[in-house]
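*Asks:* Would you mind keeping the following structure in view while I ask a few things?
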Amino acid sequence: MSPKRIGVLTSGGDCPGLNAVLRGVYSAATELGWEVLGLRDGFEGMLVEGGDTMVLNRENTAGIMQVGGTILGTTNKGHFTSKIAGGERSMIPEEVIAKASKTCRKLDLSAIIAIGGDGSMSTALQLYRAGFPMIGVPKTIDNDLEATAMTFGFDSAVACVTDALDRLHTTAASHKRAIVVQVMGRHAGWIALWGGLAGAADIILIPEIPFSLEKVAEVVQKRDEAGFKSTMIVVAEGARTSHGQQFRKQSASGEWRLGGIGEMIAQEVEARSKKETRVCVLGHLQRGGDPTTLDRILGISFGVKAVQLAREERFGTMVSYQNYEVLDVPIAEAIHHLKKVSPDCQLVGTARALGISFGD
Ligand code: F6P
């Protein structure tokens, strides 16, 4: 009898820890005597005639736990997009599902482990409902997936923001400047909040708490008058002013992406407070590089758990981290809403108690 074969894919924006999951899946499956086929470029690998695949083996999974990115490749575009601008869901076309189904039957996959964020989990759920043996593994640096206390990738992104702030503090103080640091976070301000706190920011602006430019400039000015040399402002790319204004830029291909808020705040703060101000956009630095210790542990543990779920044929479930334990939940539970920062949560309270302003 040929060994059981499972598929695994990485989908959506990459992040540190994806390779750790792949390593966990490969090792746990090998212990069971199973074969693991990696599908390239997310769900797209199912659309290539016969499947665009790579057999995971000892050689290509050796030493990958500690390396960022994904050896399978990924995409946040393509034929399986099930979340569109604004977060609304869209249905995957029937012909795409039929083609993918043909490939999976041909490849004889008894389970498919999909590692991805909110949009990818929404795709996994649609495929599960169409009869695919899907298991989900939550991933996103934004940490905005419901039904899991944490996703891997988040800690590494926060470490990047913290490191950047540590560096920027010394140059800001030397020149007596304000610096606006723009970080990722389309709908949720977790990276800005955690990174801002750990990196000793003075002002943190997040999508969940609308801010006023007047207030931000006032805080900068007051700090200046009180003798502070510098002021560090962390802003999530998706933060909004109290007028609901968000900042977007159109790419050369016509796609609208968040961007420009840091620049706008720097200009306004300088004009209003007369404090010399600079801006630093961290962008994809937050998604690159090696995973932190926590993200390695989360990654390999999630991979092992996904194989256990496959063994128990618990399809339609997603690995979930709760109270220091790796458990599971129905994928459907993870994609109802995005997990956002509550303006009343303890961490926001802690920040306020430290004198950090949210610009409100
Ligand atoms: O969802 C993760 C994320 O990093 C967002 O915070 C960010 O807006 C987006 O991906 C950027 O995606 P892209 O790789 O398409 O620029």
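The values are calculated or read from the model by the stated rules, or taken from the named source; none is laboratory data. Since the structure is predicted, the reported quantities are computational estimates derived from the model, not experimental observations. As a convention, Cβ positions derive from the backbone with ideal geometry for all residues, glycine included, and neighbour counts pool all protein chains shown. Remember, those area values only see protein heavy atoms, side chains included, never the ligands or the DNA or RNA. Shrake-Rupley method; radii C 1.70, N 1.55, O 1.52, S 1.80 Å.
*Asks:* Return the residues of the range 6-39 that are among the acidic types (Asp, Glu) and either within 13 Å of the ligand (Cβ to nearest atom) or in contact (Cβ under 8 Å) with a residue 24 or more places away in the chain (or both); say none if nothing qualifies.
*Replies:* Restricting attention to the range 6-39, the residues satisfying the condition of being among the acidic types (Asp, Glu) are 14, 31, 35.
If the condition is that a residue be among the acidic types (Asp, Glu) and either within 13 Å of the ligand (Cβ to nearest atom) or in contact (Cβ under 8 Å) with a residue 24 or more places away in the chain (or both), then ASP14, GLU35 are the ones that fit.
*Asks:* Test ARG257 against the stated conditions and say whether it is more than 23 Å from THR171 (Cβ to Cβ), assigned by TED's automatic domain parsing to the domain that holds PRO210 and either under 24 Å from the mean Cα position of the chain (by Cα) or free of Cβ contacts under 8 Å to residues at least 40 places away in the same chain (or both).
*Replies:* It is true that ARG257 is more than 23 Å from THR171 (Cβ to Cβ), assigned by TED's automatic domain parsing to the domain that holds PRO210 and either under 24 Å from the mean Cα position of the chain (by Cα) or free of Cβ contacts under 8 Å to residues at least 40 places away in the same chain (or both).
*Asks:* On to the next question. Scanning the range 171-189 for residues that are within 16 Å of the ligand (Cβ to nearest atom) and open to solvent by less than 40 Å² (accessible area, probe 1.4 Å), which turns out farthest from LYS340 (Cα to Cα)?
*Replies:* Top of the filtered list is VAL181.
*Asks:* Out of the residues in the range 205-235 meeting the condition of being within 18 Å of ILE141 (Cα to Cα) and among the β-branched types (Val, Ile, Thr), tell me which one is surrounded by the most Cβ atoms within 10 Å (Cβ to Cβ).
*Replies:* So the residue we want is VAL234.
*Asks:* May I pose another question? Checking VAL307 against (1) open to solvent by less than 60 Å² (accessible area, probe 1.4 Å); (2) touching a strand residue (DSSP E or B) at 6+ places or on another chain (Cβ under 6 Å); (3) among the aliphatic types (A, V, I, L, M): exactly one of these is not met. Which one?
*Replies:* Every condition holds for VAL307 apart from (2).
*Asks:* Considering only residues that are over 21 Å from ASP344 (Cα atoms) and open to solvent by less than 70 Å² (accessible area, probe 1.4 Å), look in the range 238-260 and name the one that is nearest to the ligand (Cβ to nearest atom).
*Replies:* Checking each candidate, the answer is LEU258.
*Asks:* State all residues of the range 264-291 that are more than 14 Å from the ligand (Cβ to nearest atom), farther than 12 Å from CYS15 by Cβ and open to solvent by 40 Å² or more (accessible area, probe 1.4 Å); if no residue qualifies, say none. Quick ask: steps written out before the conclusion?
*Replies:* Step one: list which residues in the range 264-291 are more than 14 Å from the ligand (Cβ to nearest atom), which gives 264-280, 290-291.
Now restrict to residues that are farther than 12 Å from CYS15 by Cβ: 264-280.
Result: GLN267, GLU268, GLU270, ALA271, ARG272, LYS274, GLU276, ARG278, VAL279.
*Asks:* GLY17 - would you say it is at positive phi and in contact with a Pro (Cβ under 7 Å, 6 or more places away or on another chain)? Break it down into steps so the answer makes sense when it comes.
*Replies:* Values: at positive phi: yes; in contact with a Pro (Cβ under 7 Å, 6 or more places away or on another chain): yes.
In short, yes.
*Asks:* Hey, another quick one. Please enumerate the residues belonging to the range 316-326 that are loosely packed, with under 15 Cβ neighbours inside 10 Å and either outside any loop (DSSP other than H, G, I, E, B) or without any contact (Cβ under 8 Å) to a residue 24 or more places away in the chain (or both).
*Replies:* Selection gives GLN322, TYR324, GLU325.
*Asks:* Tell me, which residue of the range 40-57 that is of a type in the set (A, V, I, L, M) and open to solvent by less than 40 Å² (accessible area, probe 1.4 Å) is farthest from ASP14 (Cα to Cα)?
*Replies:* So, considering only residues that are of a type in the set (A, V, I, L, M) and open to solvent by less than 40 Å² (accessible area, probe 1.4 Å), the one farthest from ASP14 (Cα to Cα) is LEU47.
*Asks:* Scanning for something closer than 21 Å to THR151 by Cβ and not polar (S, T, N, Q), does the range 94-107 turn up at least one residue?
*Replies:* Checked against the condition, which is being closer than 21 Å to THR151 by Cβ and not polar (S, T, N, Q), the range 94-107 yields no hits at all.
*Asks:* Let me ask something else about it. Scan THR75, THR81, THR70 and give me the residue that is polar (S, T, N, Q), surrounded by 20 or more Cβ atoms within 10 Å (Cβ to Cβ) and assigned to a loop (DSSP other than H, G, I, E, B). Before the answer, list the steps.
*Replies:* Numbers: THR75 fails: surrounded by 20 or more Cβ atoms within 10 Å (Cβ to Cβ); THR81 fails: surrounded by 20 or more Cβ atoms within 10 Å (Cβ to Cβ).
Testing whether each residue is polar (S, T, N, Q), surrounded by 20 or more Cβ atoms within 10 Å (Cβ to Cβ) and assigned to a loop (DSSP other than H, G, I, E, B) leaves just THR70.
*Asks:* Among all residue pairs at least 6 apart or on different chains, which show Cβ distances below 8 Å where the first residue, located in the range 210-229, is under 14 Å from ILE179 (Cβ atoms) and the second is open to solvent by 40 Å² or more (accessible area, probe 1.4 Å) and not basic (Lys, Arg)?
*Replies:* VAL216/GLU268
*Asks:* Here's a follow-up. Of the residues that make up the range 297-319, is at least one in contact with a Leu (Cβ under 9 Å, 6 or more places away or on another chain) and of a type in the set (Ser, Thr, Tyr)?
*Replies:* yes
*Asks:* Give the residues of the range 121-144 that are open to solvent by less than 10 Å² (accessible area, probe 1.4 Å) and among the small types (Gly, Ala, Ser), sorted by residue number.
*Replies:* Once the filter is applied, which keeps residues that are open to solvent by less than 10 Å² (accessible area, probe 1.4 Å) and among the small types (Gly, Ala, Ser), the range 121-144 yields SER122, ALA124, GLY136.
*Asks:* Filter the range 162-192 down to the residues that are modelled with pLDDT of 95 or more and under 14 Å from the mean Cα position of the chain (by Cα) and list them by number. Steps first, please.
*Replies:* Restricting attention to the range 162-192, the residues satisfying the condition of being modelled with pLDDT of 95 or more are 162-185, 188-192.
If the condition is that a residue be modelled with pLDDT of 95 or more and under 14 Å from the mean Cα position of the chain (by Cα), then VAL183, MET184, GLY185, ALA188, GLY189, TRP190, ILE191, ALA192 are the ones that fit.
*Asks:* Of all residues being over 17 Å from the mean Cα position of the chain (by Cα) and modelled with pLDDT of 95 or more in the range 332-349, which is surrounded by the most Cβ atoms within 10 Å (Cβ to Cβ)? Just the residue, please.
*Replies:* VAL348
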